[in-house]
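The values are calculated or read from the model by the stated rules, or taken from the named source; none is laboratory data. Every value quoted in this text rests on a predicted model; they were computed, and no experiment measured them. Neighbour counts run over all protein chains shown; Cβ positions are idealised from the backbone, glycine included.
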Amino acid sequence: MDAKAMDLVTTRVERPDPEVSGKASRRTFSTAYKRRILEKADQCTEPGEIGSLLRREGLHSSHLTKWRRQREEGVLNGLAPRKRGPRTELVNPLAQRVATQEREIERLRKKLEQAETIIEFQKKVSELLGIALTPEERGQRS
């Protein structure tokens, strides 16, 4: 046997661990990888080349669709990995002040209704007792 054949015999082939991990992990792709795959896909001109590229890289056609859309939105912003989870909304600095003022208006509105109810009650009591009210006390203007 020659040296090359000897190396092949003595070299062990590393096989992946056949055990399945307990938790599946989501694949993440770097911006550079996305750009490289999009460039390769754009260079494909023959029928079946894109399919071959996708099989070789272990990707789905939806990856290309999504990455192309991201590229159209903006190369740096669209292809950067995005944080998962609920989106944080920008808070208007005046929103808190408006909310506070709305609560204050509602509180004062209830207080006004209560005062009007008390005044109406006092008018009815004075009528029942026969106490004459002046036009100002009745809420009338002269």
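Might you let me know whether the range 119-138 holds any residue that is of a type outside the set (D, E, K, R), touching a Leu at 6+ places or on another chain (Cβ under 8 Å), at pLDDT 85 or above and surrounded by 10 or more Cβ atoms within 10 Å (Cβ to Cβ)? Checked against the condition, which is being of a type outside the set (D, E, K, R), touching a Leu at 6+ places or on another chain (Cβ under 8 Å), at pLDDT 85 or above and surrounded by 10 or more Cβ atoms within 10 Å (Cβ to Cβ), the range 119-138 yields at least one hit.
Can you confirm whether residue 108 is assigned to a helix (DSSP H, G or I), at pLDDT below 80 and among the aliphatic types (A, V, I, L, M)? Spell out how you get there, then give the answer.
Numbers: assigned to a helix (DSSP H, G or I): yes; at pLDDT below 80: no; among the aliphatic types (A, V, I, L, M): yes.
No; evaluated as a whole, the condition is false for this residue.
To keep it simple, each residue is scored yes or no on (1) at pLDDT below 90; (2) farther than 28 Å from residue 83 by Cα; (3) touching an Asp or Glu at 6+ places or on another chain (Cβ under 9 Å); (4) part of a helix (DSSP H, G or I).
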site: 34; (1), (2), (3), (4): yes, no, no, yes
site: 41; (1), (2), (3), (4): no, no, yes, yes
site: 46; (1), (2), (3), (4): yes, yes, no, no
site: 51; (1), (2), (3), (4): no, yes, no, yes
site: 55; (1), (2), (3), (4): no, no, no, yes
site: 69; (1), (2), (3), (4): yes, no, no, yes
site: 72; (1), (2), (3), (4): yes, no, no, yes
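Scanning the range 32-56 for residues that are among the basic types (Lys, Arg) and surrounded by 14 or more Cβ atoms within 10 Å (Cβ to Cβ) yields a total of 3.
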